[in-house]
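Right, one structure below, let's go through it.
The values are calculated or read from the model by the stated rules, or taken from the named source; none is laboratory data. Here the structure is a predicted model, which means the values were calculated and not measured. When we count neighbours, we look across all protein chains shown, and the Cβ atoms used for this are built from the backbone with ideal geometry, even at glycine.
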Amino acid sequence: MNFQDQIPNFLHGVARLTAVPMVLAAVWLANTPLAAAQTTEEMIKAGEKVFRTVAEIGCASCHGDYAEGDKGIGPYNRGVGEEKIRAAINSIEAMEFLKEEIHDREIKQIAAYYYWLGELQLVKTLAKRGRFIPDSVQVYPGTKIQLVINNSSPFPRSFASGNMGIKPLTVPGRESSYFVWDAPQEERVFTLSCTNCRIKDQALSIEITKSARKHFSPSAGKVAAAAKAPAKVAAVRPPVIADRQAIELGRELFLTAGEVGCAACHGPYAEGDVGIGPYNRGFSESKIRRAIAKVPVMRFLAGKLSDKQIKQVASYYHWLGGHKLVKTVTVGGRFFPARIELHPGTPIQLVIANRDRKSHEFKGPVLGTVPIRIGARDAGTVAWVAPATEGHFTIGCSDCSGKSAKLTIEVTKKAGKFVPNGGN
Ligand code: HEC
Ligand code: HEC
């Protein structure tokens, strides 16, 4: 089975750099003695800039725009310390190229930025047609939050609050930006709304309540386990002969149900990549039904999907669960990661995210006989099954500036075995 699709652009919003004065950045790149005088705040700002831009790709392309691990390539990184960052640059294959591209000073700046991120609770919402998805969030009293607004519209949208005491924020079209806000100690409700959307009467409500979960700062110790994809349990259910049409219809519903699709919260590939809803690949029909009935932010979907449509979504989820998700990012013809190992016989869903400002054409045996074109800052996906024997396959970009770079898919018994729909 082979299909390709183009994922809606809004899911790939990228944070703006408005907070970073260019002058500062220039000082750092030059690495002058002036650097020593940098305050913590300046270190954080410089770190944010390095995080987004280093080696053209930025840590963000693999670790998520807010270091929340939402791209499915690198893990959650908020609150991770300098030692771990150095160890990662020195030992992780996908990050090897950074050794030559990052200065010691920049590592310290990223560490300052990561520490700052770790102290902030990340809260995300998607603004779509004047609505907020989700439209309510709960925050524990006294928590410092980073409120990220993803703007799904192609036009800039402005957001303001009458009671939060924050300056209005304009988010460029199809990008994201954020407020940092200290929630007060007393329990009360705050609201934020869009000031120039077509529909203006909708609001995001931020409820300060002791029944909210407390923010756990990873800087204070252990790893933020909750942010990781659930561990796969090895109970494999017998394969269901998938009805291709049900899968296709399910995929359509996944992208469009209730106008926003499950994708708006669970990520374009159900990998939990938006940071609102969790990893969902391979989840069963009964889990889907229970979630629609019980999860407060999903309640708007109740009654919107017929019994048959829920079954279709479940078929699509089953298909997703049967395919290992493999992601790569391309910038200027280079692939990150540039090498992927697969166990023989593994069915994969390969996602190629094009970070360039131009569309590009990709080809290679894995993509079938016809090359695929992926739009600027968009992603394309294709399904493929690795052969039963060892070998390697390459994918290249035919019209990128650096044409020689390739993605190599190595089929080897050394790679870990994939467990389809494991225990979900
Ligand atoms: C091309 C993709 C890619 C880029 C770019 C990248 N990383 Fe990574 N990073 C990864 C992957 C993949 C892992 C996880 C590897 C593993 O678990 O085996 C990782 C792991 C890490 C870890 C270890 C996390 C832990 O909990 O142990 C840290 C820290 C880290 N990266 C920091 C960074 C920083 C800082 C940058 C930018 C300077 C960066 N990474 C850029 C892909 C990337
Ligand atoms: C507005 C955001 C949003 C949308 C849209 C949404 N979900 Fe969810 N979903 C969530 C959140 C948040 C959770 C986690 C709730 C929790 O853990 O308490 C969740 C949980 C789930 C779970 C349960 C996961 C588990 O661990 O048991 C399933 C299954 C699920 N969603 C499926 C779907 C499907 C299918 C759709 C589309 C028809 C959808 N969701 C649309 C936000 C959303």
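Looking at (1) buried (at least 20 other Cβ atoms within 10 Å of the Cβ); (2) in contact (Cβ under 8 Å) with a residue 60 or more places away in the chain; (3) in a loop (DSSP other than H, G, I, E, B), which one does PRO75 not meet, given that it meets all the others?
Result: PRO75 passes all but (1).
Quick check: is even one residue across region 88-97 closer than 13 Å to PRO337 by Cα, within 6 Å of ligand 1 (Cβ to nearest atom) and either part of a helix (DSSP H, G or I) or of a type in the set (Gly, Ala, Ser) (or both)?
yes
Taking the options LEU169, LEU120, name whichever one is in contact (Cβ under 8 Å) with a residue 60 or more places away in the chain, away from ligand 2 (no atom under 16 Å from the Cβ) and under 29 Å from ALA46 (Cβ atoms).
LEU120
Listed here are the residues, each with its yes/no results for (1) outside the structural domain of ALA94 (by TED's automatic domain parsing); (2) in contact (Cβ under 8 Å) with a residue 40 or more places away in the chain; (3) not polar (S, T, N, Q).
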{"residue": "ALA314", "(1), (2), (3)": "yes, yes, yes"}
{"residue": "THR330", "(1), (2), (3)": "yes, yes, no"}
{"residue": "GLU341", "(1), (2), (3)": "yes, yes, yes"}
{"residue": "ASP356", "(1), (2), (3)": "yes, yes, yes"}
{"residue": "THR369", "(1), (2), (3)": "yes, no, no"}
{"residue": "ALA383", "(1), (2), (3)": "yes, yes, yes"}
{"residue": "PHE393", "(1), (2), (3)": "yes, no, yes"}
{"residue": "LYS406", "(1), (2), (3)": "yes, yes, yes"}
{"residue": "PRO420", "(1), (2), (3)": "yes, yes, yes"}
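Taking region 178-219, which residues are more than 23 Å from ARG129 (Cβ to Cβ) and among the basic types (Lys, Arg)?
ARG188, LYS210, ARG213, LYS214
If TYR269 satisfies all but one of (1) within 10 Å of ligand 2 (Cβ to nearest atom); (2) crowded, with 21+ Cβ neighbours inside 10 Å, what's the number of the condition it fails?
Status for TYR269: all satisfied but (1).
Go through region 179-207 and count every residue that is more than 18 Å from SER152 (Cβ to Cβ) and crowded, with 20+ Cβ neighbours inside 10 Å.
Qualifying residue count for the region: 4.
Is it fair to say GLY118 is buried (at least 16 other Cβ atoms within 10 Å of the Cβ), of a type in the set (Gly, Ala, Ser), farther than 20 Å from ALA203 by Cβ and near ligand 1 (Cβ under 10 Å from one of its atoms)?
no
For (1) outside any helix (DSSP H, G or I); (2) away from ligand 2 (no atom under 13 Å from the Cβ), each residue gets a yes or a no:
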| site | (1), (2) |
| --- | --- |
| CYS265 | no, no |
| ASP273 | yes, no |
| PRO278 | yes, no |
| ARG289 | no, no |
| ARG299 | no, no |
| TYR317 | no, no |
| LYS327 | yes, yes |
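Is there a residue in region 301-310 that is away from ligand 1 (no atom under 16 Å from the Cβ), in contact (Cβ under 8 Å) with a residue 40 or more places away in the chain, part of a helix (DSSP H, G or I) and in contact with a Leu (Cβ under 6 Å, 6 or more places away or on another chain)?
Among the residues of region 301-310, at least one is away from ligand 1 (no atom under 16 Å from the Cβ), in contact (Cβ under 8 Å) with a residue 40 or more places away in the chain, part of a helix (DSSP H, G or I) and in contact with a Leu (Cβ under 6 Å, 6 or more places away or on another chain), which makes the answer yes.
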